[in-house]
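Below is one structure; the comments refer to it alone.
Values in this text are rule-based calculations from the coordinates and carry no lab data. Remember, predicted model here, so these are calculated numbers, not experimental data. A quick note on method: Cβ atoms are made from the backbone with ideal geometry, for glycine too, and the neighbour counts reach across all protein chains shown.
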Amino acid sequence: MTTTTIEVRRADPQDAPAIASVHRTTWISAYAGLIPHKPLTHMIERRREEWWRRASRGPSTVVVLEVAGKIVGYATIGANRVRALKQEGEIYELYLLPEYQGVGLGSYLFRECRGMLKALNMVGLVVWCLEDNDNAVTFYRAMGGMDVAEGMEDFGGKSLKKLGFVWRS
């Protein structure tokens, strides 16, 4: 019998190459066809290994999901950036490699991030995602989020609507 370990932990600077790889793969999977090619490529390219090395040192928290010792997902968490929303915590990003989606790992990573924010005494949670990102919208609704806010984000001259999901406690 084989046991597969699943671990969520705070990222270390040495995780930067793996996180950069997961970032590239997941962003291409999630946003190709939604975000114009040039802005998407620019957003991916600016987050190379050195960017993730610095990010792992703060001020927000970078969290990784490991399956059998391999980083297959990541999240970034911290304080809510939109003061109009009363929630104190925010998950800025939450991504899993496509081949690890649909088996409960995203829910696990989400719950762990929520627990980390609660441990920091942050009450409530907000998450933003593009309205046209059907997988993300479906996921956050399934996790109990209520889409209560809207915004627009510009990507190289193309404006896309985003939704703000909240969890009250």
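Quick notes on this one:
- Phi angles across the stretch 83-88 convert, under the Karplus curve 6.51 cos²θ - 1.76 cosθ + 1.60 with θ = phi - 60°, into 3J(HN,Hα) values of 5, 5, 9, 6, 5, 8 Hz, Gly and Pro given as x.
- Across the stretch 1-113, the relative contact order, built from alpha-carbon pairs under 8 Å that are at least six residues apart, equals 29 percent.
- Between the residues F165, V63, S29, the greatest Cα displacement towards the positive end of the dipole of the stretch 6-167, with unit charges on the Cβ of Lys, Arg, Asp and Glu, is found for V63.
- Residues considered: E112, E131, E153. Largest GNM mean-square fluctuation over the chain, using C-alpha springs under 10 Å, is found at E153.
- Using alpha carbons only: equivalent-ellipsoid semi-axes of the chain, gyration tensor based, whole Å: 23, 21, 16
- Note on M122, M1, M146: ascending count of other Cβ atoms within 10 Å places them as M1, M146, M122, the fewest first.
- Amide H within-cut-off set for L34, under 5 Å, with H built and near neighbours excluded: none
- DSSP assigns beta bridges within the stretch 40-169; of those with both partners inside it, close to 90 percent run antiparallel.
- Amide proton proximity set for F155, modelled H, under 5 Å, gap of 5+: L160
- Under 5 Å between amide hydrogens, built in the peptide plane, is the criterion, and for E131 it picks out K161, K162, L163 among residues at least 5 positions away or on other chains.
- For the stretch 13-26, Karplus couplings with θ = phi - 60° (6.51, -1.76, 1.60), whole Hz, Gly/Pro x: x, 6, 7, 3, x, 5, 5, 4, 5, 5, 4, 4, 4, 6
- Helix-only [θ]222 nm of the chain, DSSP H runs n ≥ 4, -39500 (n - 2.57) each, per residue, nearest 500: -10000 deg cm²/dmol
- Cα gyration tensor category, rounded, prolate or oblate, for the stretch 1-91 with a/c compared to 1.5: oblate
- Extension gain (nm, one decimal) between K158 and L34, 0.36 nm per residue minus Cα-Cα: 43.7 nm
- Listed by chain and number, the lysines whose C-alpha is less than 22 Å from the C-alpha of K38, apart from same-chain residues fewer than 8 away, are K158, K161, K162.
- Of all lysines in the structure, the ones whose alpha carbon falls short of 16 Å from that of K86, not counting any fewer than 8 places away in one chain, are K118.
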